[in-house]
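**Q** Please find one structure pasted underneath; my questions will follow.
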Amino acid sequence: MAVRLLLVGVGHAHLEILLRLARRPPGGPEIELTVVSPGELHHYSGMVPGFLSGIYREEEIAVRLRDLVLRAGRTTESRLVLGRAVGFEPGSRVVAVESSPPAAPLPTASASHREAGSDDREGESERSKGTAPERLSYDLVSFAVGSDSAGAAAFQGVESIQPIKPIGRAAELRRRIGQLAGSPREEAVVVVGGGAGGVEIALAVAGRFAAAGARHRISLVEAGPRILTGYGDRFVRRAEQALRRRGVAVHASGRVAAVDENQDALRLEDGTLIPSRLTVWVTGAIGWPLFRGCGLPLDRRGFLLVDQALRSLADPRVFAAGDCGTLAAFPETPKAGVYAVREGPVLWRSLRAALAGSEPPPRYRPQRGFLSILNTGDGRALLRWGALVSHGRWAMRFKDRIDRRFLARYQ
């Protein structure tokens with residue numbers, strides 16, 4: 001009897017699982033694979049700032065999931081369900097999925113993939129019917145759904161505010177930035193969140209406006225006393241210099257209290273009014289509502305607590321990788337993509353062991369530090385590696401090479 005393996009979300013770790021399934025079967029029982037994703041494209045977060053600034057096309061930063069799932073289906077029955085997980089019942093082994101709205105169809109996978117042994121149903125994208133969420137049953141489930149942005153829910157439905165997560169919203173965000181860049185009047189954009197992502201996006205918007213010769217007013221709002229918490233002083237100073245050169249005003253110790261849509265502005269808790277026709281929400285990571293009430297152990301931010309085999313502490317049939325899981329042994333591990341990439345091979349070994357009915361060794365131990373490269377939107381990048389801090393075109397070329405090489409594995 002086939003084991004029902006459900007992959008919810010297609011984060012970095014799940015891309016690796018799909019690639020390995022495509023290359024060789026895991027051994028053990030036959031697998032019935034279901035992959036849940038909001039859309040048919042997976043956008044690589046490391047290249048999104050470059051996409052927003054206009055240096056990359058969408059096809060350069062995205063993986064076509066239909067093709068990848070179809071390749072994984074060479075050795076197992078597989079399907080892609082387009083939707084968003086909205087419910088999780090570990091006791092019943094069910095994940096409820098709300099259908100994604102229809103999107104423009106993508107070209108189908110190559111004929112060579114179909115000739116490799118998949119029938120017309122394998123790898124085919126499916127949407128749940130009707131208005132009720134589709135209930136997907138599983139024997140093993142793994143989550144790689146990333147994280148939500150803290151505070152974004154309070155402004156849900158406000159047209160001028162756009163959260164960056166889920167990352168698939170990048171195409172819509174680029175369109176809106178392009179509209180403002182083409183405006184004959186001065187336009188104002190605010191980025192809320194002064195972490196690495198917020199800094200990169202503020203500089204990407206500045207770069208897009210500069211390339212269009214547009215007048216602009218760009219602000220970066222950070223609730224903490226300074227931007228880039230967790231980075232050293234030298235790196236922060238270089239980032240602040242890059243922001244000043246691009247005309248980005250930084251508002252530290254600022255919290256958004258309200259949106260004044262009549263004045264196209266944000267109001268901070270101290271009363272400061274900041275003009276904004278578009279606000280991009282890039283605040284700190286919190287868990288999606290999906291896990292609330294599921295009965296499994298969570299950390300204080302709502303992420304699933306997992307062991308070093310990336311299994312739930314309370315249910316060995318549940319796995320989580322990337323931002324949506326917190327290592328119980330290393331709870332302070334940053335929510336950054338470099339850790340999710342390293343978790344991919346560990347998750348593969350753990351899933352293989354679960355399929356074989358054996359106990360996986362607790363293998364994953366997060367690295368102490370990591371290479372950090374921020375695209376500054378001007379053809380250069382700001383790099384930190386240990387004590388080294390540098391800002392230049394060579395760093396951007398280095399980042400581009402790393403990003404393209406990583407994505408090419410899955411495209």
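The values are calculated or read from the model by the stated rules, or taken from the named source; none is laboratory data. Just so you know, these numbers come straight off a predicted model, no measurement behind them. Every residue, glycine among them, receives a Cβ derived from its backbone with ideal geometry; neighbour counts consider all protein chains shown. Surface accessibility is based on the protein's heavy atoms, side chains included, excluding ligands, DNA and RNA. Shrake-Rupley method; radii C 1.70, N 1.55, O 1.52, S 1.80 Å.
**Q** Could you work out [θ]222 nm for the chain from helices alone, using -39500 (n - 2.57) per DSSP H run of at least four and dividing by all its residues? Round to the nearest 500 deg cm²/dmol.
**A** -8000 deg cm²/dmol
**Q** Counting Lys and Arg as +1 and Asp and Glu as -1, what is the net charge of the other residues whose Cβ lies under 10 Å from the Cβ of VAL259?
**A** So the environment of VAL259 carries a net charge of -3.
**Q** Moving to a separate point now. So who's got an amide H within less than 5 Å of the one on GLU32, skipping anything under 5 residues away but keeping other chains? H placed 1.01 Å off N, in plane.
**A** HN-HN under 5 Å from GLU32: VAL3, ARG4, LEU5.
**Q** Working from Cα positions, state the angle (0 to 90°, nearest 10) between the long axis of helix 233-245 and the longest principal axis of the chain.
**A** Tilt relative to the chain: about 60 degrees.
**Q** Calculate the dipole size of region 174-247 relative to its Cα centre from +1 charges on Lys and Arg beta carbons and -1 charges on Asp and Glu beta carbons; express the result in debye to the nearest 20.
**A** About 220 debye.
**Q** Sequence-distant or interchain residues sharing an amide H contact under 5 Å with GLY392, placed H: which?
**A** Sorted by chain and number, the residues that satisfy this are ALA381, LEU383.
**Q** Please find, in a Gaussian network model of the chain (springs between Cα atoms separated by less than 10 Å), the residue of SER92, SER147, SER253 whose mean-square fluctuation is greatest.
**A** SER92
**Q** Could you work out how far helix 196-211 tilts from the main Cα principal axis of the chain, as a 0 to 90 degree angle to the nearest 10?
**A** Between the helix axis and the principal axis of the chain, the angle is about 60 degrees.
**Q** Considering only protein heavy atoms and a 1.4 Å probe, what is the carbon-and-sulfur percentage of the accessible area of region 262-411?
**A** The value for region 262-411 is 50 percent carbon and sulfur by accessible area.
**Q** Helix 393-408 against the longest principal axis of the chain: what's the angle in degrees, Cα atoms only, rounded to the nearest 10?
**A** Helix 393-408 sits roughly 20 degrees off the main axis of the chain.
**Q** Quick one: which residues, 5 or more positions from VAL280 or on another chain, have an amide H under 5 Å from its amide H? H modelled 1.01 Å from N in the peptide plane, none for Pro or chain starts.
**A** GLN162, VAL190, VAL191, VAL192
**Q** So what are the ³J(HN,Hα) numbers for region 359-376, from phi and the Karplus equation (6.51, -1.76, 1.60; θ = phi - 60°), rounded to whole Hz, Gly and Pro as x?
**A** The phi angles translate into 8, x, x, x, 9, 7, 9, x, 5, 6, x, 8, 5, 10, 10, 10, 6, 9 Hz.
**Q** Which distance in Å, rounded to a whole number, links the C-alpha centroids of region 156-177 and region 351-408?
**A** 25 Å
**Q** Quote the relative contact order of the chain in percent (integer), defining contacts as alpha-carbon pairs under 8 Å separated by 6+ residues.
**A** 18 percent
**Q** Sticking with this one: Calculate, in nm to one decimal, what THR272 and ALA210 gain on full extension: separation in residues at 0.36 nm each, minus their alpha carbon distance.
**A** 19.7 nm
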